[in-house]
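Structure, as structure tokens:
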Amino acid sequence: MTERDNQSSIAEQMAAHIRKVADHRDRAAFAEIFDYFGPRLKSFVMRQGSDPQLAEEVVQETMVKIWHKSGQFDSKKASASTWIYTIARNMRIDLLRKMNRPEPDMNDPSMTPDPDPMAYDKIAFDQEADQLKKSITLLPEDQQRVLQLAYFEDKTHNEVAVELNVPLGTVKSRIRLALRRIRTELGDLR
Amino acid sequence: MNVNHHPSEALLLDYVSGTLGETWSLGIATHLALCPTCRRTVDVLEAMGGDLLENISPAEMSGDAAARMMARIDVSDDAQNKTGLPTLQLSKSHILPQPLLSYLGKDLADLKWQRLGMGAFQSLIQTQEKDVTARLLRIPAGKPVPEHTHRGLELTLILSGEFSDATGTYKRGDLQEADETLGHHPCAGKDKDCVCLAITDAPLRFRSLAARIVQPMLGI
Ligand SMILES: [Zn+2]
């Protein structure tokens, strides 16, 4: 089995575990999710500057949310890791910054609907997730660096510009180029 | 209805990674409600976050972490029902999408407006942040937005009507991301009052005499 096969089967397994938690309150499945994502979430939060103890607290709270919100997980809309990433992010903002994070409400009738739901299908399918993974690793180093600072080190694009000692416009264009390239490779942009 | 003016990818990334403050995020989230294109960009950015999470080298958990976890879900299962979803507030006018409507607490027709001079009005929006200000502005049809300068960033999201300046015409859903280098003189469209959400990280300085007189009283 290649590493790629391995990765996509893990994504599928995790999605199946979340569904088992949603449908049957399956504790064994939940323990599997914790075993896989717990250490990764802890690592992620520590890279963003938290000490190990605080990071574990964020992990615990995130996992409690996963247990309760598992019914909202829709594997057609997001992969397990993407869904968990967003829950952990919100939990971290909530716990460490005590801040609200405004979000659009998908049930709001005042919201402008997607023009073509198929064209705007989310990055969920394994094929797309694989392509995304590959695209990120193929980005030029300066673009990857900016993304790493943004996701891992909790820096705004302003702070990234200071850290790298480059003009703000340079950081903005690196982000724009990285996204354009990834979306082109996902078949999103032509 | 097509949205033509979007926030920079850099600002969307800050929103997705969670580094963007509450008040700016209110502007981005309200734009997202009106812009399927940027919702798709956010999906891609969140998928990148998920991918980075999946591929990070795992940290070691403390020995009792799993046991504590299982104990937690037993306890919280009982307490869970208290966190039901809040009832969704609807905008009768369909002009104010969420999350803006929740922050204002009332629909457009019921808002209290403060006079800014030259026929323009504002309604301040409470957030937890002190150094960034969000407000709704209402500019009468055909009139200029009271001339102002700003330090740092200014986001303007059009909700109703339109405005134009040297950079183009902005309609419902369009978002202008302006830094201090943009000395702009926006003017509301001729046919209709323009209502927009304006977010600034420094006090706006209105230049008209009337605005200057009321400015200290309004605290802007
Ligand atoms: Zn947009």
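Taking the options B:Gly21, B:Gly27, name whichever one is more than 15 Å from the ligand (Cβ to nearest atom), in contact (Cβ under 8 Å) with a residue 24 or more places away in the chain and more than 7 Å from every other protein chain (Cβ to nearest Cβ).
Values: B:Gly27 fails: more than 15 Å from the ligand (Cβ to nearest atom).
One residue alone meets the criteria, B:Gly21.
Is it the case that some residue within segment B:86-95 is out of contact with any Cys (no Cβ under 9 Å at 6 or more places or on another chain) and modelled with pLDDT of 90 or more? Yes - at least one qualifying residue is present in segment B:86-95. The set of residues in segment A:165-186 that are in a loop (DSSP other than H, G, I, E, B) and touching a residue at least 24 places away in the same chain (Cβ under 8 Å) contains only A:Leu186.
Hey, any hits in segment B:140-153 for a residue that's in the same structural domain as B:Asp201 (by TED's automatic domain parsing), in contact with a helix residue (DSSP H, G or I) (Cβ under 6 Å, 6 or more places away or on another chain) and of a type in the set (Val, Ile, Thr)?
At the first step, the residues of segment B:140-153 found to be in the same structural domain as B:Asp201 (by TED's automatic domain parsing) are B:140-153.
Filter once more, so that each one left must be in contact with a helix residue (DSSP H, G or I) (Cβ under 6 Å, 6 or more places away or on another chain): B:146.
Still in the list and also of a type in the set (Val, Ile, Thr): none.
Among the residues of segment B:140-153, not one is in the same structural domain as B:Asp201 (by TED's automatic domain parsing), in contact with a helix residue (DSSP H, G or I) (Cβ under 6 Å, 6 or more places away or on another chain) and of a type in the set (Val, Ile, Thr), which makes the answer no.
Between A:Asp74, A:Asp51, A:Asp23, A:Asp105, which is at pLDDT 90 or above, surrounded by 14 or more Cβ atoms within 10 Å (Cβ to Cβ) and not basic (Lys, Arg)? Exactly one of A:Asp74, A:Asp51, A:Asp23, A:Asp105 is at pLDDT 90 or above, surrounded by 14 or more Cβ atoms within 10 Å (Cβ to Cβ) and not basic (Lys, Arg), namely A:Asp105. Filtering segment A:73-91 to residues that are at the interface with chain B (Cβ under 7 Å from one of its Cβ atoms) and out of contact with any Ser or Thr (no Cβ under 8 Å at 6 or more places or on another chain) leaves A:Ser79, A:Ser81, A:Thr82, A:Tyr85, A:Thr86. The single condition among (1) in contact (Cβ under 8 Å) with a residue 12 or more places away in the chain; (2) more than 7 Å from every other protein chain (Cβ to nearest Cβ); (3) in a helix (DSSP H, G or I) that A:Ser50 does not meet is (3). Scanning segment B:30-51 for residues being within 12 Å of the ligand (Cβ to nearest atom) and part of a helix (DSSP H, G or I) gives a total of 12. Return the residue satisfying two criteria in turn: it lies in segment A:153-185 and is under 17 Å from the mean Cα position of the chain (by Cα) and more than 7 Å from chain B (Cβ to nearest Cβ), and of such residues it is nearest to A:Lys42 (Cα to Cα). Among residues in segment A:153-185 that are under 17 Å from the mean Cα position of the chain (by Cα) and more than 7 Å from chain B (Cβ to nearest Cβ), the one nearest to A:Lys42 (Cα to Cα) is A:Glu153.
Identify, please: which residue in segment B:1-18 is within 21 Å of A:Asn90 (Cβ to Cβ) and near the ligand (Cβ under 9 Å from one of its atoms) and is, among those, nearest to the other protein chains (Cβ to nearest Cβ)? That would be B:Leu12. Is at least one residue of segment A:33-44 outside any helix (DSSP H, G or I) and under 16 Å from the mean Cα position of the chain (by Cα)? No. Summed over segment A:92-108, the residues that are charged (D, E, K, R), part of a loop (DSSP other than H, G, I, E, B) and at the interface with another protein chain (Cβ under 7 Å from one of its Cβ atoms) give a count of 4.
The values are calculated or read from the model by the stated rules, or taken from the named source; none is laboratory data. What you see is a predicted model; the values in this text were computed from it and never measured. FYI the Cβ positions are ideal-geometry reconstructions off the backbone, even for glycines, and counts take in every protein chain you see.
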